[in-house]
Each structure stands twice: as structure tokens, then as C-alpha cells.
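Enquirer: Here it is, the structure in full.
The values are calculated or read from the model by the stated rules, or taken from the named source; none is laboratory data. Values in this document were obtained by computation on a predicted structure and should not be read as measured data. Ideal geometry is used to build each Cβ from the backbone, glycine not excepted, and the neighbour counts take in all protein chains shown.
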Amino acid sequence: MSMLDKLKQMLKGHEDQAEKGIDKAGDFADEKTQGKYSSQVDTAQDKLKEQFGRDQDQPPQ
């Protein structure tokens, strides 16, 4: 079982909290880099939210 699968199992039912954590981590990265990589950080946040936000049994939308 991969690390991502383990994280998905742990976060099941807590997608809203995971989304808040992803936002907070992205804001921290933007702050530390003074917004230099904000587009890359935003892309990474979107991808993570997509991974953790949907049920692992459902196909991607």
C-alpha cells in the first residue's frame, strides 16, 4: 500500500479538515517564498485537494 493510499484512508470522512490543512500549507509556502512560486503552489494545492477530496472508490471527475 502506497503512502498516498494510507493518507487517503486516514483522512476518509475528514476531507474538509484536509482541505484546510492544504490551504494553510500553501499559504505558508507562499509566505516563505514571498509569492515567487505562487502559481506552482496553487497548482499543487489543487492537485492535493483533488486527490484527498474525493472518495478513493470514485473515478476522477
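Condition check ((1) acidic (Asp, Glu); (2) at pLDDT below 85; (3) touching a strand residue (DSSP E or B) at 6+ places or on another chain (Cβ under 6 Å); (4) outside any loop (DSSP other than H, G, I, E, B)) across all residues:
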{"residue": "Gly21", "(1), (2), (3), (4)": "no, no, no, yes"}
{"residue": "Glu31", "(1), (2), (3), (4)": "yes, no, no, yes"}
{"residue": "Lys47", "(1), (2), (3), (4)": "no, no, no, yes"}
{"residue": "Phe52", "(1), (2), (3), (4)": "no, yes, no, yes"}
{"residue": "Pro59", "(1), (2), (3), (4)": "no, yes, no, no"}
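Enquirer: Within segment 6-16, track down each residue that is in a helix (DSSP H, G or I) and either closer than 14 Å to Glu50 by Cα or modelled with pLDDT of 95 or more (or both). Working first, answer last.
Expert: So in segment 6-16, the residues in a helix (DSSP H, G or I) come out as 6-11, 15-16.
Passing the criteria: Leu7, Lys8, Leu11, Glu15, Asp16.
Enquirer: Test Gln40 against the stated conditions and say whether it is at pLDDT 90 or above, part of a helix (DSSP H, G or I) and either over 11 Å from the mean Cα position of the chain (by Cα) or surrounded by 14 or more Cβ atoms within 10 Å (Cβ to Cβ) (or both).
Expert: yes
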